[in-house]
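The values are calculated or read from the model by the stated rules, or taken from the named source; none is laboratory data. Just so we're clear, the structure is a prediction, and the values are computed from it rather than from any experiment. Here the Cβ positions follow ideal geometry from the backbone for every residue, glycine too, while neighbour counts run over all protein chains shown.
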Amino acid sequence: MKAHINGKELSFEPNETILEVARKNGIFIPTLCELNDIDHTPGTCRVCLVEVRQGEAAGLKYMTACDTPMTEGWKIMTRTPKVQEMRQLQMEMIMADHHQDCASCPRNGNCELLATANSVGLKQVRFHYTEGWENLEPDQGSQPVIYDRSRCIRCQRCVAVCRTVQDVDALELAGWGNTAGVRLKGGSVAASPCVTCGQCVMVCPTGALSERDQTQEVLDYLADPEIVTVFQTAPAIRVGIGEEFGLPPGTNVEGQIIAALRLMGADIILDTNFGADVVIMEEGTELLGRLKKSSRPTFTSCCPAWINFAEKHYPQILPLLSSTRSPQAVMGKIAKTYLAEKRGIDVQKMRMISIMPCTAKKEEAARPVLGENGVPDVDIVLTMREFARLLRREGIDLKLLEPSAYDDPLMSEYSGAAAIFGTTGGVMEAAVRTMYYVINHKELEHIEVAQLRGFENVRSANVNLGGEYGEIKVAMCHGLKGTRRIVEAVLDGSADFDFIEVMACPGGCVDGGGTLRSKKSYIPHAMKRRETIFNIDRKTKVRQSHNNKQVQKLYADFLDAPHSEKAHHMLHTHYSSRPCGVLADIQAAWDELKKQGGS
Amino acid sequence: MTTSVYGVWDGEVHDFRRTQSGEPPSVLKGLEDFAPYNKTKAFIADRGFLVFERDTSLVEAFSQYMAQAARESCGRCAPCRVGTQRIRDLLQDFSGGSTGKGILESVEEIARQITDTSLCGMGQSCARALLDALQHFRSEFKPLTPAQAVFQHSFVYTTAPCIEACPSKVDVPRYIDGVKGGKFDFALGVVLDKYPMAATCGRVCVRFCETACRRSAAEGAVGIRMLKRYAADQAITNDRLHFTKSPLQHNKRVAIIGAGPAGITCAYKLLLDGIQVDVFDAQKAAGGMASIGIPSYRLPKDVLKAESEDIVRQLGGEFHYGRVLGQGFTVDDLLAKGYDAVFLGYGASQGTLLGIRNEDPKLAGYASGVDFLLKVHQHVEYGEPFAVHGDVLVVGGGNVAMDCVRSARRMGARSVHLIYRRTVEDMPAERDEVLAAEHEGVIFHCLTNPSGLVVDNGRVTGVDLVRMRQTDRDAKGRRNVEAVPGSGFVMNCDLVVAAIGQQVDKNVLKPEEGIELDRWNCITVNPDTLETSRKGVFAGGDCVLGPLTLVNALDHGERAAASIRDYLLNGEVHIRPARRMQNLLARNRLLADECLQTMPLHKKPVTVPELDAGERISHFKEVDRVISKEMAYEEASRCLRCYRLYSVVTEKQLPRETPAGHREPIFPE
């Protein structure tokens, strides 16, 4: 089938949209609401207007390219003055009821809405409609993700990613007219199926969705001479944050991060990777114990959104989850006991601040069980985006800094096994390296376990652990849609696995819901970041958790042995069912019906 | 007949502002007496506008019309969300005397943008008439005068083809929005605003809405019914739906005769309004024909019970089963006992005779469709003895006939035959039902008609049949059938079921009760208010309409409740303005001839998965399976939201649209 765009004859397939045909042929049409990477075309912004002549005798029509099927013989023009004017008017209307206080917006500096305004050549906004949000109370909740309707453009990308990518379906469309927006089903994180994975934030084109910003709290701690600030940085941070400062995707800026933290006056700088090594010691031991008892499968427990998912969606599988705390939680606990004791720090004055690629970690840190007497082991969790903001507030440009190195003798060394925790399959591989050693008293020969390194959302492999354990069956999932599949297969008995690694975010932590946002794309740098993670492993002298000298010292001086009573008390946790269904509230539906329109 | 002074309709300009002579075309019927004692000044729709009174303020009329558009905008797409507000405000400014340069030019620019670029039918249609007016009658746009402000009121009504096709006028796009937006309880609430039997209707409705769906001009109508069922099942089959007694209680009590769809709906709406009800029914469970007439493989009885008897009981209603009006009590008795009003919804449950030789309902091996289904129901539901064996012959081509043949298959008949005098295409039964019967192995004998029963010793042993043939098309293009001479033959059978229709039992009401009946023994009512000829007695459902559909009965139940509430709390019954508008739209077929302007992207319709035919004939379990959430989202995304606004501008304000009492107490005592 053939049609013309800008005078050029192009061929197309039935049911292809004008936008698809244009893109295939390198013709630009400005868009705002759609997100091709997650196959989302809501048709709400109506910016992608083109001029259409349907036949020789037919008049001109103006249509949206994203949801109009290309038709035989049509002649499309993408940049006539009239089309450009109409796009500008459309943009003007979108801006008219948008909260245009860009300076205070969490998206300040990389907003997709402003980029689209630029691309249509917006020159003026002659009218404003603020009634829809001017009396809106700011969202003061304690949940990790904040929604600000005044900046929402109703693109529904968040709803789409939650439904189709994650299959969590926690969001619903709410309100009408100028109060239209989204909200959590049931009105809160607790009442909804939300697992706080933050994928919604990753696709939001504006500042409508963002993390609960805690940079100010960190600045206050840094400025307080009484407070001992302790920082930990997750494996994924070092391969992601460089992009914020113009470095190529995947650049490892571990040394610059250490330098920056030191520059800001951080008292103690640790590495979450150390915690990951400890986790492997605990979880590996736990798994071998479960294998011995033929209790299978065991699910990993480092990912807090996955824990939320299990507690809310599949409480019946909670007994299958490893009881080992996450690396972040392990860091918090050891810092506030062992580190404080060894370095003579008053725990009351110590503040553990962790920098994570994750929104759900904020919620994890607030779990009462991960603290002592109401004092949390981890005081503040900053997402990578907040960390970038913190650096900007301190006038620090990472790329100009001379890399530095850790100097803490207790909790900063890490193995290559810990480094790969940040990508899908990494936890599994790290565990295999140590379990193999424990069983066979020798190191695994081919340390990079190729069969674990695919990138499909659900993968499985067989790994020979040797000794009495022999071959075990493992699976790895990233993204909750695939996870749901695996969990259901486990429940109905059709899955046959010993160990299952789950990372809630597609791509794993390197693309977590707390990482930097990109425009018009979804996890575009996954492979580059992942490659760097693998390179860090290769360059690390020690590549197995059990060979981490500081970890060995921790057990020798403090914890006795993996899974000792002390270790069990300090480094393990438990989970509980959190059902989120509620009774149907028909009165609420009737109230909403009454509010809208004249009926 | 009112004729317009000026206006534009379907692109045609009418202008009689200066001429008195000539014959101004009358575009619409029924506008002149839209409301009694109230002059109609103008009418605005998607297809144009008409002004009937020279002193009408066009600006004010459009300003109110666009204000409604702004209120109704769902807010998802920018041109409709912002553009409607912008036009409303500009017109209000202009109407108020602001003559700032270019106001109307701005209005026109935005009106064109809304029309050309909005996502759904609401935006695409709401500014079309305004564009016509600005193009052809811009000089009529003048600031509002004080007199105009007093003598001009708009009643703006929002609807869509699917809504107007539905007897209950359920706001279909709104509940599809609910499903699309992940708000299943909201979607259910939209339906429950009209009637309680959402999961029931979501299973067995005849779907006037889907016939009217504009998407059927593309790849097929939206699966409206399956979405209703989906939303309802989320709450009902998960036991998430609970009602409590209304906190507002009037000291009024209504007797409801018949716990069928009309009676249950009437009871439900009255209870929500704080009016007590007692429901009387001849059977021992609620549901009426939905219970005894619809087999459980189409409508599981627990679903029906949950949203008929259970809901009414939760709301405080009481049931009196095994009570038959006309047998032991009368309407007079009820009123004498102190009921403030009576609703008659006793249905039409007497089988119609075939009218053939040797026919006698008392014969062994003979049953009417409803009697057969009742026996099946009592057997399946309560284990009462009833066996079907041998060869069963069912006469008829409607849904009841399909229910009979499919039930007979499940009851274990050796063979089941369907006799129908016309062709398969002519059958009034739903296509899905006909197909399902075929899949289940029912043997069809079309163009075949019974002429007599073969009776042996008080028992039917066969049926005399005659072949039929189609006649040539008559002037209206219809084809009748006639018997083929000499084609008679006999089919042996063990049971013959006459499923050609039902009628109203004429023994229920006595003439001295003063309730007027028509010649089919149907109760005569005011079609708008459902008042009978006797004060305080209202009626609805099959006993008024003759055997019709579930959704017609639900509509009657709801409207009767509104009238009863009006009668009990206000002393008199009003016709709701929305009802007047619905009549106007129907009379002029304003939504019936809708067609698609541009083809939407092809989106494959979802099909409801069903049990395999081989398996399902061995039991009465539900045939239609549940669609998945993904399927529900997919299907909901196919709705084009063909909302339209219709505005009648009158001299005096119409009585306020009375919202249902459960939304706000409007008659505090």
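The rows are residues; the columns are (1) surrounded by fewer than 22 Cβ atoms within 10 Å (Cβ to Cβ); (2) at pLDDT below 95.
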{"position": "A:80", "(1), (2)": "yes, no"}
{"position": "A:109", "(1), (2)": "yes, yes"}
{"position": "A:159", "(1), (2)": "no, no"}
{"position": "A:177", "(1), (2)": "no, yes"}
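Against the test of being acidic (Asp, Glu) and in a strand (DSSP E or B), the options B:505, B:464 yield a single qualifying residue, B:464.
In summary, residue A:43 fulfils each of the numbered conditions (1) within 13 Å of chain B (Cβ to nearest Cβ); (2) buried (at least 16 other Cβ atoms within 10 Å of the Cβ); (3) touching a residue at least 40 places away in the same chain (Cβ under 8 Å); (4) not aliphatic (A, V, I, L, M) with the single exception of condition (3). Taking the listed residues A:390, A:339, A:410, the one that is outside any strand (DSSP E or B), assigned by TED's automatic domain parsing to the domain that holds residue A:558 and touching a Phe, Trp or Tyr at 6+ places or on another chain (Cβ under 9 Å) is A:410, with no other qualifying. Scan segment B:555-601 for residues that are more than 14 Å from every other protein chain (Cβ to nearest Cβ), crowded, with 19+ Cβ neighbours inside 10 Å and over 16 Å from residue B:531 (Cα atoms) and jot them down. Once the filter is applied, which keeps residues that are more than 14 Å from every other protein chain (Cβ to nearest Cβ), crowded, with 19+ Cβ neighbours inside 10 Å and over 16 Å from residue B:531 (Cα atoms), segment B:555-601 yields B:580, B:584, B:585, B:590, B:591, B:594. Please indicate, with yes or no, whether at least one residue in segment A:217-236 is aliphatic (A, V, I, L, M), surrounded by fewer than 24 Cβ atoms within 10 Å (Cβ to Cβ) and within 19 Å of residue A:363 (Cα to Cα). No, segment A:217-236 contains no residue that is aliphatic (A, V, I, L, M), surrounded by fewer than 24 Cβ atoms within 10 Å (Cβ to Cβ) and within 19 Å of residue A:363 (Cα to Cα). The sole residue among A:149, A:87, A:107 that is away from chain B (no Cβ under 14 Å) and basic (Lys, Arg) is A:107. Inside segment A:459-494, residues that are free of Cβ contacts under 8 Å to residues at least 60 places away in the same chain and within 18 Å of the chain's Cα centre (by Cα) make up a count of 4. Segment B:190-272 holds helices (runs of 4 or more DSSP H) entirely within its bounds, and those carrying 1 or more residues that are within 14 Å of chain A (Cβ to nearest Cβ) and among the polar types (S, T, N, Q) map to B:224-236. Within segment B:325-364, the set of residues being assigned to a loop (DSSP other than H, G, I, E, B) and under 30 Å from residue B:250 (Cβ atoms) comprises B:326, B:330, B:337, B:338, B:339, B:340, B:345, B:346, B:347.
Here residue A:419 clears all of (1) in contact (Cβ under 8 Å) with a residue 60 or more places away in the chain; (2) part of a loop (DSSP other than H, G, I, E, B); (3) not aromatic (Phe, Trp, Tyr) except the condition numbered (2).
Residues in segment A:162-180 that are without any contact (Cβ under 8 Å) to a residue 60 or more places away in the chain, more than 18 Å from the chain's Cα centre (by Cα) and at positive phi: A:175 alone. From the list A:578, A:530, the lone residue that is under 20 Å from residue A:236 (Cα atoms) and not assigned by TED's automatic domain parsing to the domain that holds residue A:174 is A:530. Exactly one residue out of A:225, A:193, A:205 is part of a loop (DSSP other than H, G, I, E, B), more than 12 Å from chain B (Cβ to nearest Cβ) and touching a residue at least 40 places away in the same chain (Cβ under 8 Å), and it is A:205. Within segment A:161-175, the only residue that satisfies the criterion of being surrounded by fewer than 24 Cβ atoms within 10 Å (Cβ to Cβ), closer than 19 Å to residue B:177 by Cα and more than 8 Å from chain B (Cβ to nearest Cβ) is A:164.
Within segment A:62-74, residues that are more than 9 Å from every other protein chain (Cβ to nearest Cβ) and aromatic (Phe, Trp, Tyr) sit with their Cβ atoms under 7 Å from residues that are surrounded by fewer than 22 Cβ atoms within 10 Å (Cβ to Cβ) and in a loop (DSSP other than H, G, I, E, B), at 6+ positions apart or across chains, in these pairs: A:74/A:54. When segment B:399-412 is filtered for residues that are touching an Asp or Glu at 6+ places or on another chain (Cβ under 9 Å) and modelled with pLDDT under 95, only B:399 remains.
In the condition set (1) within 25 Å of residue B:597 (Cβ to Cβ); (2) in contact (Cβ under 8 Å) with a residue 40 or more places away in the chain, residue A:27 is compliant with all but (1).
Taking the conditions exactly as written (more than 13 Å from the chain's Cα centre (by Cα), at pLDDT below 95 and of a type in the set (Lys, Arg)), does residue B:142 satisfy them or not? In short, yes. The lone criterion from (1) within 14 Å of another protein chain (Cβ to nearest Cβ); (2) over 38 Å from the mean Cα position of the chain (by Cα) left unmet by residue B:94 is number (1). Within segment A:574-582, identify whether any single residue is touching a residue at least 40 places away in the same chain (Cβ under 8 Å), within 14 Å of chain B (Cβ to nearest Cβ), in contact with a Gly (Cβ under 6 Å, 6 or more places away or on another chain) and in a loop (DSSP other than H, G, I, E, B), and answer yes or no. Scanning segment A:574-582, I find at least one residue that is touching a residue at least 40 places away in the same chain (Cβ under 8 Å), within 14 Å of chain B (Cβ to nearest Cβ), in contact with a Gly (Cβ under 6 Å, 6 or more places away or on another chain) and in a loop (DSSP other than H, G, I, E, B), so the answer is yes. For beta carbons closer than 7 Å, sequence separation of 6+ or different chains, a first residue in segment B:81-110 that is under 22 Å from residue B:145 (Cβ atoms) and a second that is exposed (fewer than 12 other Cβ atoms within 10 Å of the Cβ) and aromatic (Phe, Trp, Tyr), there are no qualifying pairs.
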